[in-house]
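Asker: This is the structure I have questions about; it appears just below.
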């Protein structure tokens, strides 16, 4: 049995190690398209902030780790898949045969279609090679523009501030973290960043990029004055790496569609991580959740099923926890609410504290929190366990801060 894994990120590495434990006699090949040891993209901001060295981004440490576990790590980019022949063709023309194939190819950055987006001094922040160029181009005091204030953008923001640059953030949406926060939460985070010396321009579109005095000039819409920078970091979105699956018959929507065993519609082919569109919790809808905990669990579950150990996947939880210059924000589940559901909100804008709970009958299905770290684990537990709150729902509608009391009472009652 030969298991081939496309992608050497967290999903791929954990899948390879799980396959080795679950199918000791099989051959396991891990295919990565970068000339780096397998690493975590989520560690790159810590590298930019100089909190860790490059070795700190590696998913596994120690020489010979993969060889010692009987995992062949090979460099190569997938070009096409032929399910009829159980073969994978690489960009260099080589072919690999497989018995089981795991697509854990992750995603790639997407730049907006604007004039000048391909100029030098405009960098993504997605690979170690990107990080090296950003570090070389951002000495303390340099002027940097960050395009994009989504989840990834705000992680990069933290790292750039740690580098001591003069930072301006430009965001097309009307608020920061538009896919993670509502208007109130996004405004609160924007005010916090501005209070820390970061200039934030929301509802602002970059219409063109051009060279100016050895740097970059950004032209903005709405008659706003242009701004200049020594370097521009682009964090305007990502898309799944699925081009090589064209013609394979594998169904693709927002990502590779998988069932509750992480199987695609094509026999012998599975998918995991940022590229996979799988069951989500609590709705059951198939969604892409591009976060490392989901990728790790995907890799483990997919590998067990590839090895013949039937293992259902309950579904991933949409979950984001972010520290932005000292202000912790979090979102869980269906934070925007369900039609017909109830909502509880407690807001203290002056103190940068915010809590929003979303209900489906007497269960919490989603939540937002800012500046309230003590609630994070409790809220996650209530969303994941879907414990009926009973009379506690009415209490929380009046005072959502009593969520800890509700959790302790309801979970103890359900365990009794």
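The values are calculated or read from the model by the stated rules, or taken from the named source; none is laboratory data. Owing to the predicted nature of the structure, the values given are computational and were not obtained by experimental measurement. Every residue, glycine as well, gets a Cβ built from its backbone with ideal geometry; the counts of neighbours run over all protein chains shown.
Asker: Looking only at segment 252-283, count every residue that is assigned to a loop (DSSP other than H, G, I, E, B) and touching a helix residue (DSSP H, G or I) at 6+ places or on another chain (Cβ under 6 Å) and tell me the total. Steps first, answer last, please.
Answerer: First, pick out the residues of segment 252-283 that are assigned to a loop (DSSP other than H, G, I, E, B): 253-255, 258-262, 264-268, 272, 282-283.
Pick out the ones that are also touching a helix residue (DSSP H, G or I) at 6+ places or on another chain (Cβ under 6 Å) and you get 255, 261-262, 272.
Result for segment 252-283: 4.
Asker: While we're here: Anything in segment 80-134 that is part of a strand (DSSP E or B) and farther than 30 Å from residue 309 by Cα? List them, or say none. Step through it out loud before you land on a result.
Answerer: Of all residues in segment 80-134, those part of a strand (DSSP E or B) come to 80-82, 87-90, 95-97, 100-103, 107-109, 115, 122-124.
If the condition is that a residue be part of a strand (DSSP E or B) and farther than 30 Å from residue 309 by Cα, then 108, 109, 115, 122, 123, 124 are the ones that fit.
Asker: From 106, 141, which residue is surrounded by 21 or more Cβ atoms within 10 Å (Cβ to Cβ) and at positive phi?
Answerer: Details: 141 fails: surrounded by 21 or more Cβ atoms within 10 Å (Cβ to Cβ).
Being surrounded by 21 or more Cβ atoms within 10 Å (Cβ to Cβ) and at positive phi holds for just one of 106, 141, which is 106.
Asker: Go through (1) out of contact with any helix residue (DSSP H, G or I) (no Cβ under 7 Å at 6 or more places or on another chain); (2) surrounded by fewer than 24 Cβ atoms within 10 Å (Cβ to Cβ) for residue 171 and report which single condition fails.
Answerer: Status for residue 171: all satisfied but (2).
Asker: Of the residues 276, 295, 208, 290, which is surrounded by fewer than 16 Cβ atoms within 10 Å (Cβ to Cβ) and either touching a residue at least 12 places away in the same chain (Cβ under 8 Å) or closer than 30 Å to residue 189 by Cβ (or both)?
Answerer: Working: 276 fails: surrounded by fewer than 16 Cβ atoms within 10 Å (Cβ to Cβ); 295 fails: surrounded by fewer than 16 Cβ atoms within 10 Å (Cβ to Cβ); 290 fails: surrounded by fewer than 16 Cβ atoms within 10 Å (Cβ to Cβ).
From the options 276, 295, 208, 290, the qualifying one is 208.
Asker: While we're on this one: Any idea which of 34, 50 is assigned by TED's automatic domain parsing to the domain that holds residue 294, under 23 Å from residue 240 (Cβ atoms) and assigned to a loop (DSSP other than H, G, I, E, B)? Give the steps one after another, and end with the answer.
Answerer: On the way: 50 fails: under 23 Å from residue 240 (Cβ atoms).
Result of the check over 34, 50: 34.
Asker: Next question, about the same structure. For segment 344-357, which positions are in contact with a helix residue (DSSP H, G or I) (Cβ under 9 Å, 6 or more places away or on another chain) and either in a strand (DSSP E or B) or outside the structural domain of residue 406 (by TED's automatic domain parsing) (or both)?
Answerer: Matches in segment 344-357: 344, 345, 346, 347, 353, 354, 355, 356, 357.
Asker: Looking only at segment 4-24, how many residues end up being surrounded by fewer than 24 Cβ atoms within 10 Å (Cβ to Cβ), part of a helix (DSSP H, G or I) and in contact with a strand residue (DSSP E or B) (Cβ under 8 Å, 6 or more places away or on another chain)?
Answerer: Matching residues across segment 4-24 total 2.
Asker: Now, a different point. Please find, among 247, 210, the residue that is assigned to a loop (DSSP other than H, G, I, E, B) and over 24 Å from the mean Cα position of the chain (by Cα). Please lay out each step first, then the result.
Answerer: Numbers: 210 fails: assigned to a loop (DSSP other than H, G, I, E, B).
Result: 247 is the single residue among 247, 210 that is assigned to a loop (DSSP other than H, G, I, E, B) and over 24 Å from the mean Cα position of the chain (by Cα).
Asker: May I pose another question? All but one of (1) crowded, with 17+ Cβ neighbours inside 10 Å; (2) within 30 Å of residue 215 (Cβ to Cβ); (3) under 24 Å from the mean Cα position of the chain (by Cα) hold for residue 42; which doesn't?
Answerer: (1)
Asker: Counting just the residues of segment 310-343 that are closer than 16 Å to residue 284 by Cβ and either in the same structural domain as residue 149 (by TED's automatic domain parsing) or under 21 Å from the mean Cα position of the chain (by Cα) (or both), which one comes out surrounded by the fewest Cβ atoms within 10 Å (Cβ to Cβ)?
Answerer: Checked segment 310-343; the qualifying residue surrounded by the fewest Cβ atoms within 10 Å (Cβ to Cβ) is 314.
Asker: Quick check: anything in segment 109-118 over 30 Å from residue 331 (Cβ atoms) and surrounded by 15 or more Cβ atoms within 10 Å (Cβ to Cβ)?
Answerer: Going residue by residue through segment 109-118, those that are over 30 Å from residue 331 (Cβ atoms) are 115-116, 118.
Checking which are surrounded by 15 or more Cβ atoms within 10 Å (Cβ to Cβ) leaves us with 116.
Checked segment 109-118: at least one residue is over 30 Å from residue 331 (Cβ atoms) and surrounded by 15 or more Cβ atoms within 10 Å (Cβ to Cβ).
Asker: Can we say residue 62 is more than 29 Å from residue 245 (Cα to Cα), outside any strand (DSSP E or B) and either within 25 Å of the chain's Cα centre (by Cα) or assigned by TED's automatic domain parsing to the domain that holds residue 188 (or both)? I'd like the intermediate steps shown before the answer.
Answerer: Details: more than 29 Å from residue 245 (Cα to Cα): yes; outside any strand (DSSP E or B): yes; either within 25 Å of the chain's Cα centre (by Cα) or assigned by TED's automatic domain parsing to the domain that holds residue 188 (or both): no.
No; evaluated as a whole, the condition is false for this residue.
Asker: Which of the residues spanning segment 37-47 are in contact (Cβ under 8 Å) with a residue 24 or more places away in the chain and outside any loop (DSSP other than H, G, I, E, B)?
Answerer: 39, 41, 42, 44, 45, 46, 47
Asker: Only residues that are closer than 20 Å to residue 126 by Cβ and either surrounded by 18 or more Cβ atoms within 10 Å (Cβ to Cβ) or in contact with a helix residue (DSSP H, G or I) (Cβ under 8 Å, 6 or more places away or on another chain) (or both): list them for segment 59-76, please. Spell out the reasoning first.
Answerer: At the first step, the residues of segment 59-76 found to be closer than 20 Å to residue 126 by Cβ are 59, 75-76.
Residue satisfying the conditions is 59 alone.
Asker: Taking segment 144-164 only, how many residues are part of a loop (DSSP other than H, G, I, E, B) and crowded, with 23+ Cβ neighbours inside 10 Å? Lay out the reasoning, then the answer.
Answerer: Here is the first cut: in segment 144-164, the residues part of a loop (DSSP other than H, G, I, E, B) are 148-150, 163-164.
Adding the requirement that they be crowded, with 23+ Cβ neighbours inside 10 Å leaves 148-149.
The number of residues fulfilling the criteria is 2.
Asker: Mind checking which residues of segment 187-205 are farther than 15 Å from residue 145 by Cα and crowded, with 21+ Cβ neighbours inside 10 Å?
Answerer: Step one: filter segment 187-205 for residues farther than 15 Å from residue 145 by Cα, giving 187-192, 195-196, 203.
Selection gives 188, 189, 190.
Asker: Would you be able to tell me the number of residues in segment 358-376 that are out of contact with any helix residue (DSSP H, G or I) (no Cβ under 7 Å at 6 or more places or on another chain) and part of a strand (DSSP E or B)?
Answerer: So the count comes out to 3.
Asker: Just checking, does segment 222-231 include any residue being at pLDDT 95 or above, assigned to a loop (DSSP other than H, G, I, E, B) and crowded, with 16+ Cβ neighbours inside 10 Å?
Answerer: Within segment 222-231 (the criterion being at pLDDT 95 or above, assigned to a loop (DSSP other than H, G, I, E, B) and crowded, with 16+ Cβ neighbours inside 10 Å), the answer is yes, since at least one residue qualifies.
Asker: Follow-up question, since we're still on this one. Quick one: residue 180 ticks every box in (1) part of a loop (DSSP other than H, G, I, E, B); (2) free of Cβ contacts under 8 Å to residues at least 60 places away in the same chain except a single one, so which number is it?
Answerer: Among (1) part of a loop (DSSP other than H, G, I, E, B); (2) free of Cβ contacts under 8 Å to residues at least 60 places away in the same chain, the lone unmet condition for residue 180 is (2).
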